[in-house]
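The values are calculated or read from the model by the stated rules, or taken from the named source; none is laboratory data. All figures in this text were calculated on a predicted structure; none of them were measured in a lab. Methodologically, a virtual Cβ is constructed for each residue, glycine included, from the backbone with ideal geometry; neighbour enumeration extends over all protein chains shown. Accessible surface is based on the protein model in full, side chains and every heavy atom, while ligands, DNA and RNA are left aside. Shrake-Rupley method; radii C 1.70, N 1.55, O 1.52, S 1.80 Å.
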Amino acid sequence: MNPGLLKERVEILRLDNTNNNFFWTVEATVWAKVEQQKIKNIFSNVGLGAKSLKIIIRKWDITLHNAIKWRGKHCFLTDMTDLGNGLYEIMAALIEPQICTVERTDAHSLNELNRPVYSEPVMITFPGYLTEKYIRTIQDEPMSMVESQYVLVTPKSVNLQEGELVTINNVTYEVLVAHILDEYKNEYEILVRRDR
């Protein structure tokens, strides 16, 4: 490939963590060739796909733990191939992360009188990628309820527990199932219930 075709600037992002606050920061700005793909990028094993990009950059210290920002848009990295000649081909899903929060309390300890002592809850914020799974309606007499189930994809360093409550855009979801075997990301099936 002709390196002169690397005409666009993209930012390589890395995930940082300060006081239980995970966030993307710019690690480097590099030249790239970016092509939008006609097929969807299946960035989640249990959710729906997103718009797909193919990004070619010169070799850099980058893995699928990173992300890329292109034209102000966030790109979730899903595959990377070494093309030789000092180039990488990266496949990415064009999807904006949502700011997610989890309030976590530590297990209580006992004081000298054998009474429980509770610590203050810890608020954890992190970027997450929300995709739809399906919607189901439950009819309970005399009312009905709508259950909306989504998939929340997080960077690998963000660990949630089944049963925890995650708040995204002022909506609270329950973590139903954790899929944590992928090397670069975790996926959580989450659920919100509301009256119809």
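Below is a table of values for the structure above.
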item: Top-ranked residue in segment 56-70 [being touching a residue at least 24 places away in the same chain (Cβ under 8 Å) and part of a loop (DSSP other than H, G, I, E, B); ranked as farthest from Pro127 (Cα to Cα)]; result: Lys59
item: Selected residue [surrounded by fewer than 21 Cβ atoms within 10 Å (Cβ to Cβ), farther than 14 Å from Tyr184 by Cα and in contact with a His (Cβ under 8 Å, 6 or more places away or on another chain)] from Glu89, Glu96; result: Glu96
item: Candidates Phe76, Phe43, filtered to the one that is assigned to a loop (DSSP other than H, G, I, E, B) and open to solvent by less than 70 Å² (accessible area, probe 1.4 Å); result: Phe43
item: Any hit, segment 95-112, residues being touching a Cys at 6+ places or on another chain (Cβ under 9 Å) and either among the aliphatic types (A, V, I, L, M) or closer than 23 Å to Leu181 by Cα (or both); result: yes
item: Qualifying residue in segment 37-44 (condition: free of Cβ contacts under 8 Å to residues at least 60 places away in the same chain, aliphatic (A, V, I, L, M) and either in contact with a Leu (Cβ under 6 Å, 6 or more places away or on another chain) or more than 29 Å from Val177 (Cα to Cα) (or both)); result: no
item: Single unsatisfied condition, Lys38 versus (1) open to solvent by 40 Å² or more (accessible area, probe 1.4 Å); (2) modelled with pLDDT of 95 or more; result: (2)
item: Top-ranked residue of segment 172-196 - restricted to ones that are closer than 28 Å to Ala92 by Cβ and outside any strand (DSSP E or B), ranked as most open to solvent (accessible area, probe 1.4 Å); result: Leu181
item: Failed item in (1) over 19 Å from Ile124 (Cβ atoms); (2) without any contact (Cβ under 8 Å) to a residue 60 or more places away in the chain, with Tyr173 passing the rest; result: (1)
item: Pick from segment 83-116, criterion within 20 Å of Asn159 (Cα to Cα) and of a type in the set (S, T, N, Q), ranking: modelled with the lowest pLDDT; result: Thr105
item: Residue match in segment 35-48 (condition: more than 15 Å from the chain's Cα centre (by Cα) and within 17 Å of Pro97 (Cβ to Cβ)); result: no
item: Unique match (being modelled with pLDDT of 80 or more, within 14 Å of the chain's Cα centre (by Cα) and either aliphatic (A, V, I, L, M) or open to solvent by 50 Å² or more (accessible area, probe 1.4 Å) (or both)) among Asn159, Asn169; result: Asn159
